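The values are calculated or read from the model by the stated rules, or taken from the named source; none is laboratory data. From a predicted model like this one, the values you see are computed outputs, not experimental measurements. A quick note on method: Cβ atoms are made from the backbone with ideal geometry, for glycine too, and the neighbour counts reach across all protein chains shown.
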Amino acid sequence: MTKKLKKMLIRIIVTAVLLVALHFVPVSGIARFLLYLIPYGIIGYDILRKAWRGILNRQVFDENFLMAVATIGALAIGLLKTGDYEESVAVMLFYQVGELFQSYAVGKSRRNISELMDIRPDYANIDTNGQLTRVDPDEVAVGTVIVVNPGEKVPLDGIVESGESSLNTSALTGESLPRDVKPGDGIVSGCINMSGVLRIRTTRVFGESTVSKVLDLVENASSRKSRSENFISRFARWYTPAVVFGALALAVLPPLVRLLLSFPPEWSEWVYRALTFLVISCPCALVISIPLSFFAGIGGAGKAGILIKGSNWLEALSKTGTVVFDKTGTLTMGVFDVVDIHHSELERETMIEYAALAESASSHPIAVSIRKAWGKPLDMSRVGKVEEISGNGVVVEIDGQEVAAGNSRLMRSLGIEPIECHSTGTIVHMAIGGHYTGHIVISDVVKPDAAKAIAALKQSGVHQTVMLTGDGKAVAAEVAERLGIDQFWSELLPEDKVEKVEEMLTRKPAGEIVAFVGDGINDAPVLTRADLGIAMGALGSDAAIEAADVVLMDDDPMKISKAIRIARKCMRIVYENIVLAIGVKAVCLVLGALGLANMWLAVFADVGVMILAVLNAIRALFVSRL
Amino acid sequence: MKKTYRIEVDCANCANKMEEAAGKIPGIADVTVNFMTQKMIVDFADGADADTVMKQVVKACKKVEDDCEIYL
């Protein structure tokens, strides 16, 4: 609690005690009035001062002014008629309690949310002649070797020079499984080194490191205002003046009408009702709870490794009806793998070994995937003459035997009839010594959670899922079928993808959002064109962070539905708060006008609604069970 | 040209009023006051001098909300 808040708390306590004490003091008349001015002054002096300054600056719809008018009016009625001053002081007291609570809650949640994203490193260790010196990460040049001890944050992006360790990336990705690194691996700032000492050669200055980019994004996230926030700002702009004029009318019109009808005018009664109106006129509960809800929602999402670039995007996310996926890198791993071997007369191992030896000289992704499947060192002395037949495959001499590995064209050109494969993917046929030995199926591997992620999307209210891919139709159809995707388009060039998304944008029902999910590598134009661009696996990919509106820090497709559920929860809270705040104010205004509500009720309603709305807003922060 | 300034303001509605007041200053293309992060993000119009414009902004904001601070 800051000094300012503490001072306020003391003022509130003193006033409350005085108010209770004065209740039992048996004085009356002007002495009583003067006695009550003491607590009134203690609790309200700053409001009165601000109101006065407001008048000088011609800001009459300022809530300080309204509170000042309402309470002074109530004191005047007390002095002239009822002798009740408690009400005026109490109204001021509760108003201040509300303000205090608001500052405290907002400050607290702001700190909570910043703590969630507590990834800013304080220092970097530089090794100078065996001595570690701590320097500001800002001062470390690219290419410097820094030392990160266990328990420390990695301050800058870089490559591990030496040392092995596990990294805790949860602050960045929300993923609790540690990630292992060894020399040669890239490493991003913001992770926490858990076990071993790492020496890292930096590849970026601090300002461009992942941690700076993420922090920048989070800090500026709530600046993009959503439609609901703009609605509230506009609402507040006319609400207060409207209520003030309503109050004026209430104070003047009914008594005049009564006079005309030759009833007693009852001025003080109607003025009192008007003052009650003024107490209700402060829109602060409403205005505070909406941005706070969004802020908490964005903070909660950040904790789960989902960065949302603004409240407007959070709102958009909640209305997502169609999710369009780029296949490679989002639904699939984006790396090729040996998935199967068919019609082989040899052992699986032997087949892969021959294939790996045959492809040992190539750097083609297919060759790389075969060598990876073999995974052991190759005895290159077994390989003799290598003949590459471009676009078809290779013919290699292994252990003195001719081994052919390639497509069916290669087989036929060697006079061997291959067995056609019905699986999707790239097929590598093998022949050893002129004899067909079967084929290896290589394809991009679908992420383990992809099917579950699509089902989860359906559950969270997305009614259409679409997949776009540059791959062949057979592969696309198989993946779409397996994952339960509604619609797919294959053999697309990057510009075709933009076209397809535009087509969907024109066909979508009004008020619905078409989201595009990509890995940000070559789909930046589509990410920008869609209503909402979601980039996956963005840790370390700047292009994705730049182009997307929502950034998933790791590449788990389950995060998409989680993001949508977080957004839905947050928007539900926003609407609850809007309805609650406007509803209670409206009811109080009606009751006040009818003379059924006094100032006590008005101020309780005001403060009570605000407390409820703020507490409700903070619920948006809790997202772990969504 | 976009610049971010740290501000101090106590209530959300006051932040709205500051945003409105600052938006009317010539030389400002767009301005957002972020109550939650206590920041003012100003997008200056082409050719505007940030310092002179910001002086006006401070004046205008002080007028609508006496209690606010803008750290230039």
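Below is a table of values for the structure above.
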{"quantity": "Elements of type strands (runs of 3 or more DSSP E) contained in the stretch A:266-362, each with 3 or more residues being surrounded by 23 or more Cβ atoms within 10 Å (Cβ to Cβ) and in contact (Cβ under 8 Å) with a residue 60 or more places away in the chain", "calculated": "A:306-308, A:320-326"}
{"quantity": "Residue match in the stretch B:53-63 (condition: at the interface with another protein chain (Cβ under 8 Å from one of its Cβ atoms), touching a residue at least 12 places away in the same chain (Cβ under 8 Å) and not in a strand (DSSP E or B))", "calculated": "yes"}
{"quantity": "Selection within the stretch A:474-487 - out of contact with any Ser or Thr (no Cβ under 6 Å at 6 or more places or on another chain) and surrounded by fewer than 20 Cβ atoms within 10 Å (Cβ to Cβ)", "calculated": "A:A477, A:E481, A:R482, A:G484, A:Q487"}
{"quantity": "Answer residue from the stretch B:1-15, given it is within 12 Å of the chain's Cα centre (by Cα) and of a type in the set (A, V, I, L, M) and is farthest from the other protein chains (Cβ to nearest Cβ) among those", "calculated": "B:I7"}
{"quantity": "Residue match in the stretch A:202-210 (condition: within 14 Å of chain B (Cβ to nearest Cβ) and surrounded by 16 or more Cβ atoms within 10 Å (Cβ to Cβ))", "calculated": "no"}
{"quantity": "Positions within the stretch A:372-389 being outside any loop (DSSP other than H, G, I, E, B), farther than 16 Å from A:A404 by Cα and not small (G, A, S), in sequence order", "calculated": "A:K372, A:W374, A:M380"}
{"quantity": "Flag if A:R371 is among the basic types (K, R), in contact with a strand residue (DSSP E or B) (Cβ under 6 Å, 6 or more places away or on another chain) and surrounded by 14 or more Cβ atoms within 10 Å (Cβ to Cβ)", "calculated": "no"}
{"quantity": "Residue tally, condition free of Cβ contacts under 8 Å to residues at least 40 places away in the same chain, of a type outside the set (D, E), assigned to a helix (DSSP H, G or I) and within 11 Å of another protein chain (Cβ to nearest Cβ), over the stretch B:16-52", "calculated": "1"}
{"quantity": "Qualifying residues in the stretch A:155-190 (those that are among the aliphatic types (A, V, I, L, M), buried (at least 17 other Cβ atoms within 10 Å of the Cβ) and in contact with a strand residue (DSSP E or B) (Cβ under 8 Å, 6 or more places away or on another chain)) - the one farthest from A:I560 (Cα to Cα)", "calculated": "A:V160"}
{"quantity": "Positions within the stretch A:30-60 being within 13 Å of another protein chain (Cβ to nearest Cβ) and among the basic types (K, R), in sequence order", "calculated": "A:R49, A:K50, A:R53, A:R58"}
{"quantity": "Selected residue (criterion: surrounded by the most Cβ atoms within 10 Å (Cβ to Cβ)) from residues of the stretch B:1-18 that are under 12 Å from B:Q38 (Cα atoms) and of a type in the set (D, E, K, R)", "calculated": "B:D10"}
{"quantity": "The listed residue being within 14 Å of chain B (Cβ to nearest Cβ), buried (at least 19 other Cβ atoms within 10 Å of the Cβ) and not basic (K, R), out of A:E87, A:E63", "calculated": "A:E63"}
{"quantity": "Residue among A:V607, A:V590 that alone is surrounded by fewer than 17 Cβ atoms within 10 Å (Cβ to Cβ), part of a helix (DSSP H, G or I), assigned by TED's automatic domain parsing to the domain that holds A:E229 and β-branched (V, I, T)", "calculated": "A:V590"}
{"quantity": "A:A602 being under 22 Å from A:R110 (Cβ atoms) and in a helix (DSSP H, G or I)", "calculated": "no"}
{"quantity": "Boolean, A:L156 is under 30 Å from the mean Cα position of the chain (by Cα), more than 19 Å from A:V14 (Cβ to Cβ) and modelled with pLDDT of 85 or more", "calculated": "yes"}
{"quantity": "A:N616 vs. criteria among the polar types (S, T, N, Q) and touching a helix residue (DSSP H, G or I) at 6+ places or on another chain (Cβ under 6 Å)", "calculated": "yes"}
{"quantity": "Candidate set from the stretch A:254-264 (those that are not aliphatic (A, V, I, L, M) and not in a loop (DSSP other than H, G, I, E, B)); member that is nearest to the other protein chains (Cβ to nearest Cβ)", "calculated": "A:P254"}
{"quantity": "Of the criteria (1) surrounded by 15 or more Cβ atoms within 10 Å (Cβ to Cβ); (2) in the same structural domain as A:G472 (by TED's automatic domain parsing), which one A:L493 fails", "calculated": "(1)"}
{"quantity": "Enumerated helices (runs of 4 or more DSSP H) restricted to the stretch A:399-506, each holding at least 3 residues that are more than 21 Å from A:S362 (Cβ to Cβ)", "calculated": "A:450-459, A:473-483"}
{"quantity": "Total residues in the stretch A:120-155, condition in a loop (DSSP other than H, G, I, E, B) and within 13 Å of A:N193 (Cβ to Cβ)", "calculated": "7"}
{"quantity": "Lone unmet requirement of (1) assigned to a loop (DSSP other than H, G, I, E, B); (2) in contact (Cβ under 8 Å) with a residue 60 or more places away in the chain for A:A510", "calculated": "(2)"}
{"quantity": "Which listed residue, of A:A547, A:A543, is touching a strand residue (DSSP E or B) at 6+ places or on another chain (Cβ under 9 Å) and surrounded by fewer than 19 Cβ atoms within 10 Å (Cβ to Cβ)", "calculated": "A:A543"}
{"quantity": "Unique match (being within 14 Å of chain B (Cβ to nearest Cβ) and either under 30 Å from B:M36 (Cα atoms) or surrounded by 20 or more Cβ atoms within 10 Å (Cβ to Cβ) (or both)) among A:Y104, A:Y123", "calculated": "A:Y104"}
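Results for (1) within 23 Å of A:E576 (Cα to Cα); (2) within 10 Å of another protein chain (Cβ to nearest Cβ); (3) modelled with pLDDT under 85, shown as yes or no for each residue.
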residue: A:A249; (1), (2), (3): no, no, no
residue: A:E266; (1), (2), (3): no, no, yes
residue: A:C282; (1), (2), (3): yes, yes, yes
residue: A:V287; (1), (2), (3): yes, yes, yes
